[in-house]
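Structure first, commentary second.
The values are calculated or read from the model by the stated rules, or taken from the named source; none is laboratory data. All figures in this text were calculated on a predicted structure; none of them were measured in a lab. In this analysis, Cβ positions are derived from the backbone assuming ideal geometry, glycine residues included, and neighbour counts consider all displayed protein chains. Ligands, DNA and RNA are stripped out before the accessible areas are found, and what is left, the full protein with its side chains, is counted by its heavy atoms. Shrake-Rupley method; radii C 1.70, N 1.55, O 1.52, S 1.80 Å.
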Amino acid sequence: IGARVGALNKHLDRRPGSEELARELYLTHGPALTHWCRGRFADAQVAEEVVQEVVLTAWRKYAQFDPERGSERAWMFGIARNVAATRHARGRRHLRSIPTATPPEIEHDDVDMTRVVERSLIVDGLQSLTTDHQTVIVAAFWDRLSTHEIAERLGLADGTVKSRIHYALRALR
């Protein structure tokens, strides 16, 4: 296959934006990108969409490719990592339903809806943290304990509590 692609390269229009370039990028790198994406996304459809987005981005920005900095495949996989990270981040932003003890009111004002959204984001964020980080965040912000009080409660050093709060807040951001 590599020899055929090399022979085709001599006859293809590799100018940025050319249709042949898009086709060649997909034929040359598509299978490897698809394999890589399927390892990162459970849904095969999402993996294929990511591959298409990578090829489209590479096709649009082909003028930025510099062979002296690395191979075309490495450049394509760099784009793939960025697209995959964006896709994962986008996926974490969706609101999740929160079970409530009482049925929701029929009419909500903007303040109520804002609270529902904020609560959903907080619950989702806390669930993404490790148990150690959840514990210190809840103690600090819900129980309103100082770092010293948290350290005494959990049997940890003050510095450990401060570090956990720092990294938990960074993860939540």
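Here are the numbers:
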{"item": "FRET efficiency, residue 49 to residue 131 (Cβ-Cβ, R0 25 Å, nearest 0.05)", "result": "0.15"}
{"item": "Net lengthening on full extension, residue 89/residue 148 (0.36 nm per residue, minus Cα-Cα)", "result": "17.8 nm"}
{"item": "Net length gained if the chain between residue 61 and residue 172 were fully extended (0.36 nm per residue, minus Cα distance)", "result": "36.7 nm"}
{"item": "Accessible area of region 126-173 divided out per residue, in Å², using a probe of 1.4 angstrom", "result": "68"}
